[in-house]
1. Kindly establish whether Ser82 is among the hydroxyl-bearing types (Ser, Thr, Tyr) and either within 15 Å of the ligand (Cβ to nearest atom) or modelled with pLDDT of 90 or more (or both).
2. Scan (1) part of a loop (DSSP other than H, G, I, E, B); (2) among the aliphatic types (A, V, I, L, M); (3) modelled with pLDDT of 95 or more; (4) surrounded by 15 or more Cβ atoms within 10 Å (Cβ to Cβ) for the single condition Ile9 breaks and write down its number.
3. Could you please find all residues in the stretch 98-126 being touching a residue at least 40 places away in the same chain (Cβ under 8 Å) and part of a loop (DSSP other than H, G, I, E, B)?
4. Could you say whether any residue in the stretch 105-113 is farther than 30 Å from Cys15 by Cβ, at pLDDT 95 or above and of a type in the set (Lys, Arg)?
5. Any residue that is modelled with pLDDT under 85, more than 8 Å from the ligand (Cβ to nearest atom) and not in a strand (DSSP E or B) - is there at least one of those in the stretch 35-42?
6. Which one is modelled with the highest pLDDT among residues in the stretch 90-102 that are under 11 Å from the mean Cα position of the chain (by Cα) and loosely packed, with under 14 Cβ neighbours inside 10 Å?
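The values are calculated or read from the model by the stated rules, or taken from the named source; none is laboratory data. Bear in mind that the values here come from a model prediction, so they are computed numbers and not experimental data. All Cβ positions, glycine included, derive from the backbone under ideal geometry; neighbour counts span all protein chains shown.
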Amino acid sequence: MGGYPHEMIENPPPCPKCSCEYTYEMNALVVCPECGHEWVPANGSTEAEAGAGERVVKDSVGNVLQDGDTVVVVKALKVKGSPSGIKAGTKVRNIRLVDGVDEHDIDCKVDGFGAMQLKSSVVKKA
Ligand SMILES: [Zn+2]
């Protein structure tokens, strides 16, 4: 999780407001020194989105997971409010990969428990 690679924009576009050509890049923005207008160049935002989309989620043994996959929970998990929790071997269908909090990168529904988020490190692709 190192963030986005820094993208240099070779020739920042002229300012759309005052058409000043001496614009410069600052982080993901292009800044106009004349009027102070700041905007996201079309180029830069695409790069950022492409970078985010390349995030690969792998299961406990290194298989790459995708939306819609069926996985098996490989270890017993405690669930708030449930005395038994999720047992190892529980099948979870139709997972959705998310950018969850604290490495909970799988959004899914577990039979008997409902919607929840799991860590990819506790599942294996079925
Ligand atoms: Zn300007």
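1. Criteria not met by Ser82.
2. (3)
3. Asp99, Asp105, Ala126
4. Looking through the stretch 105-113, at least one residue is farther than 30 Å from Cys15 by Cβ, at pLDDT 95 or above and of a type in the set (Lys, Arg).
5. Yes, because at least one residue in the stretch 35-42 is modelled with pLDDT under 85, more than 8 Å from the ligand (Cβ to nearest atom) and not in a strand (DSSP E or B).
6. Asp99
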